[in-house]
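Enquirer: Got a structure for you, written out below as structure tokens; questions coming shortly.
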Amino acid sequence: QHGKADFTKRTIFSGWDVFRSQMPLMTIIQPDVVTDTINSLVQLADDTGRDYLERWEMFNSYSGCMLGNPAVVVIADAHAKGLRNFDVEKAYQLSKGSVEKFGNGTRGHAGGISHTLEYAYNEWCVAQLAGALGRKQDAETYTSRAKSYRNVFDAEVGWFRPKNDDGSWQEWPKEGRLKHDYGCVESNPYQQGWFVPHDISGLSDLLGGREKTLADLEDFFEKTPPDFSWNNYYNHANEPVHHVPFLFNPLGKPWLTQKWTRTICENAYHNSVEGLVGNEDVGQMSAWYVLASAGIHPIRPGTPRYALTAPMWARPEFDVGHGKLFTVIAKNPSPRNHYIQSATLDGKPHAECWINHKTLISGATLELTLGPEPNKQWGVKP
């Protein structure tokens, strides 16, 4: 294919699934797959004369499957990480077209919880692109719209709640936020309500502050069945919650991210024929494991930052190209040692529970000393 750049045409973009872990993993180890995918989606829009990007492309067609604007997330994430081998202007215009056609718009919500929250995040991603491209007015517009998730939060019940077409609240079910499909897609309000990756402090404020948010989040995990089978709490079998274990990092308890990511890796994945607790979803489930078990994972694709957690392996390595490796060295690795005691980055003390993409692809070495008890002083810096 020819355009701004030669690229390999790719198909089967399981967008709603793979924007969370698989495409971020590819930005590290196979960036050409990411830019090929973006070029393919832009080409598809050109071929069909549409002014928006497909969310679940299949065999060079628009399937319209699932929700949100995941291609917008992939474009914003690629751009934030320095990938430019695609028609950036055309991709930006299609991203705008996508959130205008499928978004919260001037109404301020999309009725349901899943749609409203995902659209708010997609609009935030467009704001990041706009800011990087010097489109100040667009950046302001979409930054404002990104806060629209607040419009489906009902302070009376203390959680997100779907609205009717006239703007009134839908009747609150007897199961409350555990009611499956209540304004949600393949989830319940308790699960979907954590999907505000672009404004975690804003979400915390809605929920009554950091301590109340953490108490609720801890309860969310404590009530999850040990085998991580399909459930009403942390349901690793499906994608809407895949970022949630990493929320303890920005909320100030990174040792709980370390505890729960290790627990998920050990109990939701098995070396067997039915080794995944849920549908693979074209690479997402495995990509989550690759990243989390190596000690890194994004919370909000669209920024170049990865959350840190305790790796399962003594020395995971990522080939970042140009003969360079990003290396994670775990000191004292064992099934008992779930917790990071201290860290160094290229030999210098590292106090933050995150790392950025530029550092990672430079071929950095991250050394994490592990232990059986939390170090509640490490990684609590914002």
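Enquirer: Net charge within 10 Å of residue 330 by Cβ-Cβ distance, Lys/Arg positive one each and Asp/Glu negative one each, not counting residue 330 itself?
Expert: Neighbour charge sum, excluding residue 330 itself: +1.
Enquirer: Starting from the amide H of residue 276, placed 1.01 Å from N in the peptide plane, find each other amide H under 5 Å away whose residue is 5 or more places distant or on another chain.
Expert: 270
Enquirer: I want to make sure I understand the PRE zone here: with the label point 7 angstrom from the Cα of residue 154 toward its beta carbon, which residues in segment 179-196 have backbone N atoms less than 15 Å away?
Expert: The answer is 179-184, 189-190, 193, whose backbone nitrogens lie closer than 15 Å to the label point.
Enquirer: Now a separate question. Ignoring everything except DSSP H segments at least 4 long, calculate the 222 nm mean residue ellipticity for the chain; use -39,500 (n - 2.57) per segment, divide by total residues, nearest 500.
Expert: Mean residue ellipticity, 222 nm, calculated: -11000 deg cm²/dmol.
Enquirer: So which aspartates and glutamates can residue 376 reach, going by Cα to Cα under 19 Å and dropping same-chain residues fewer than 8 places off?
Expert: Leaving aside aspartates and glutamates fewer than 8 places away in the same chain, those within reach of residue 376 are 211, 218, 352, 367.
Enquirer: Which of rounded, prolate or oblate describes segment 1-102 when judged by the alpha-carbon gyration tensor and an a/c cut-off of 1.5?
Expert: Rounded is the answer for segment 1-102, as its axis ratio a/c remains below 1.5.
Enquirer: Now for a separate question. Report the one residue of 316, 345, 377 whose Cα lies farthest in the direction of the positive end of the charge dipole of segment 297-382 (charges on C-beta: Lys and Arg +1, Asp and Glu -1; origin at the Cα centre).
Expert: 377
Enquirer: Does segment 237-356 come out rounded, prolate or oblate by the C-alpha gyration tensor, with a ≥ b ≥ c the root eigenvalues, rounded set by a/c under 1.5 and, if not, prolate when a/b is larger than b/c and oblate if not?
Expert: Judged from the Cα gyration tensor, segment 237-356 comes out rounded (a/c under 1.5).
Enquirer: Right, something else. Provide, for segment 198-343, the number of lysine pairs with alpha carbons under 29 Å apart, each pair being eight or more places apart or on different chains.
Expert: The result is 7.
Enquirer: Provide the per residue accessible area, probe 1.4 Å, for the chain, rounded to a whole number of square angstrom.
Expert: Counting only protein heavy atoms, the per-residue value for the chain is 41 Å².
Enquirer: Which order, highest average first, do 223-229, 235-241 follow once you tally other Cβ atoms within 10 Å for each residue and take the mean per peptide?
Expert: 235-241, 223-229
Enquirer: List every residue whose amide H lies under 5 Å from the amide H of residue 331, counting only residues 5 or more places away in sequence or on a different chain, with H placed 1.01 Å from N in the peptide plane.
Expert: It is 368, 369, 370, by chain and number.
Enquirer: I would also like to ask the following. Not counting ligands, DNA or RNA, and with a 1.4 Å probe, what is residue 66's accessible surface area in Å² rounded to the nearest 10?
Expert: Approximately 50 Å² of residue 66 is accessible to the 1.4 Å probe.
Enquirer: In addition: Which residue fluctuates most in the GNM of the chain (Cα springs below 10 Å): 81, 174, 136?
Expert: 174
Enquirer: If one computes the Cα centroid of segment 322-382 and of segment 229-308, what distance in Å separates the two points?
Expert: Cα centroid to Cα centroid, the span is 18 Å.
Enquirer: Cα centroids of segment 68-97 and segment 151-191: how far apart, whole angstrom?
Expert: Using only Cα atoms to place each centre, the spacing works out to 31 Å.
Enquirer: Just give me a number: lysine pairs in segment 114-180, eight or more positions apart or cross-chain, with C-alpha atoms less than 25 Å apart.
Expert: Eligible lysine pairs with Cα atoms under 25 Å apart amount to 5.
Enquirer: Determine the dipole magnitude for the chain: charges of +1 sit on the beta-carbon of Lys and Arg, -1 on that of Asp and Glu, nothing else is charged, the reference point is the Cα centre, and the result goes in debye to the nearest 20.
Expert: Taking the Cα centre of the chain as origin, the dipole is about 1020 debye.
Enquirer: Once Lys and Arg get +1 and Asp and Glu get -1 on their Cβ, which of 279, 256, 268 lies farthest toward the positive end of the dipole of segment 219-344?
Expert: Value computed over the given set: 256.
Enquirer: Can you give the charge dipole size of segment 166-287 about its Cα centre, rounded to the nearest 20 debye, using +1 on the beta carbon of Lys and Arg and -1 on the beta carbon of Asp and Glu?
Expert: That gives segment 166-287 a dipole magnitude of about 400 debye.
Enquirer: Right, another one. Using a ≥ b ≥ c from the Cα gyration tensor of the chain (square roots of the eigenvalues), is it rounded, prolate or oblate, where a/c under 1.5 gives rounded and otherwise the larger of a/b and b/c decides, a/b for prolate?
Expert: Oblate.
Enquirer: Could you identify which residue out of 126, 157, 320 has the top mean-square fluctuation in a GNM of the chain using Cα springs shorter than 10 Å?
Expert: The residue that fluctuates most here is 157.
The values are calculated or read from the model by the stated rules, or taken from the named source; none is laboratory data. What you see is a predicted model, and the numbers here were worked out from it, not measured in a lab. All Cβ positions, glycine included, derive from the backbone under ideal geometry; neighbour counts span all protein chains shown. Each accessible area value is taken on the protein alone, full model and side chains, heavy atoms only, with ligands, DNA and RNA left out. Shrake-Rupley method; radii C 1.70, N 1.55, O 1.52, S 1.80 Å.
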